[in-house]
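Please read the structure below before turning to the comments.
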Amino acid sequence: MVRRSGLTRRGLLKSGAALALGASTTARAFNALAAQGSGRKIDAYGPLRPTPEHTTGLPLLKLPEGFTYRAFGITGAALSDGSETPPRHDGMAVVAERGDQITLIRNHEIGFRTPIGTAATPRYNPEAGGGTTTLIFDGGRGELVESWASLSGTAVNCAGGANPFSESWLTCEEIDEAGTRGKWRTTVDHGFVFEVPGAQPASAVPLTAMGRFVHEAVAVDPTSGIIYQTEDDGLSGFYRFLPQNPRDLAAGGRLEMARVVGSTSAQGAVNLNGQDEPSTRRNWNAAILGLSRGFAIPVGRRFAIDWVPIETPAPTADIDSLDGIGNFQNRVVAEGIAQGGCFFTRGEGCWYDRGSVYFTSTDGGPIGRGQVWQYHVASSTLSLIFASNDPEQLNRPDNLTVARSGALLLCEDSTGNWHPADRMIGLTLSGELFDFAENNLLLEGAAAARLGVPAGDYRTSEWAGATFSRSGKWLFANIQTPGITFAITGPWTRGPLGAKPT
């Protein structure tokens, strides 16, 4: 049980200052962002302009001059297994690449309804409609050549991550529904990670040792096999899973939550939301603990991190925090905070690259418009590398990926509350931002009919699932609604996404 804390904002400031590290070096240049460049907008590839799609000629996206794209995998389109492409495209990654044959696995963030796929599709819960589809894209011809539903019966599959040890996709349920005790009254528990191989059928058995919470994304360290996980909730932890065997995740392992060194209890837990004002999303969870809602963490601040054990990774009690104050104590994050674990607001996209794990906090930062964090594995340090001070800079980053150069590409999920369209925005190693793509899905009658989707203005629908082919030629990404996957290519080397690694 988590005790109420009397920790004040002043105490948090003092604690954060005492625990922050000095200017130790790491392998990536992002740690210099505090000194210069953070948040400055640059014109990296030129202005965005309506760009015709390769097959239909419809201007579905705005891209820089010289870039082209293909739309495929549209909601309702026939899959190779005879079923229809499900809606609500979300997280995605390239899990294998053999010459021109690129294997992608894509999430569908669907709740409880008729399962996707066919009777032969591996299924967890016959009452749940979420899952994954597998896509084979020919990078030489620039077209989809095969597709099928690869997992069904899961719920709210939001993001996940590729597992290089098994050429598989780890799909994450963004829900913590506790069977018949939850609000949906389903017959089984949800809130797990499932593994979906690229070439073999999925088992449809949850990896319970990886935890049951409001999962968002994972990132696998290809050297150690450790799997880092984010949690998309108003009060969320940053976790790592140490598998017994990286090639057999079902064999189990140990779940741990990040803690700022020196914190030993809920009273000392460090709030890394970085907000002077409360978040409007589920902030009552923090009030239960009596914790301040944070402080304006400066870009470049670095924290030494250790890890606390989670002894009950898959609670059997109802842990949906919206059901009542009493249920909060059953959540995994509460067990971590009771031991001093640090917490964020809405941890989302997560990606491993060259010794670092990058992740976003969608509602974090001084105005609640997003933070980007870097965890450096070798030194076990956590750095804030970007915090939005203006939605024009960046508005609520969600999924992310890393280009071959080391630059980040961030997917906005801004809900249209300030700008007419969501964007994909780059973050360079020197801390500069640039707009790379903009959702231009204003589909009237003829255009909507051409794509086979209902007419509507979808420009505020989120970007998701950004992932580069290993050759660096193609960038794949989804627009969640009406549900379209895009393959984008062009003169990458003209700007920071295609520069040679440093």
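The values are calculated or read from the model by the stated rules, or taken from the named source; none is laboratory data. As the structure is a prediction and not an experimental result, all values here were calculated from the model. Cβ sites come from the backbone with ideal geometry, for glycine too, and all protein chains shown count toward neighbours. SASA here: full protein model, heavy atoms, side chains in, ligands and nucleic acids out. Shrake-Rupley method; radii C 1.70, N 1.55, O 1.52, S 1.80 Å.
Extension gain, Ile42 to Asn245: 0.36 nm times the residue separation minus the Cα-Cα distance gives 68.7 nm. Set the Förster radius R0 to 30 Å, insert the Cβ-Cβ distance between Arg49 and Ala296 as r into 1/(1 + (r/R0)^6), and round the FRET efficiency to 0.05. E between Arg49 and Ala296, to the nearest 0.05, is 0.25. Converting the Cα gyration tensor eigenvalues of the range 169-265 into ellipsoid dimensions via √(5λ) gives semi-axes, longest first, of 22, 21, 11 Å.
With a 1.4 Å probe rolled over the protein heavy atoms of all chains, the accessible area of Glu173, Glu195, Glu146 falls in the order Glu146, Glu195, Glu173, largest first. FRET efficiency for the Ser224 to Ala455 pair, using the beta carbon distance and R₀ = 41 Å, is estimated at 0.25.
The stretch between Ala78 and Arg98, if pulled fully straight at 0.36 nm per residue, gains 4.7 nm over its current Cα-Cα span. Here the extension length gained between Thr312 and Ser203 equals 36.9 nm, from 0.36 nm per residue of separation less the Cα-Cα distance. Peptides 306-314, 477-485 ordered by packing proxy, namely the average of other Cβ atoms within 10 Å per residue, highest first: 477-485, 306-314. At 1.002 mPa s and 20 °C, plugging the Kirkwood radius over alpha-carbon pairs of the range 62-197 into Stokes-Einstein gives what diffusion coefficient in µm²/s? The diffusion coefficient I find is 139 µm²/s.
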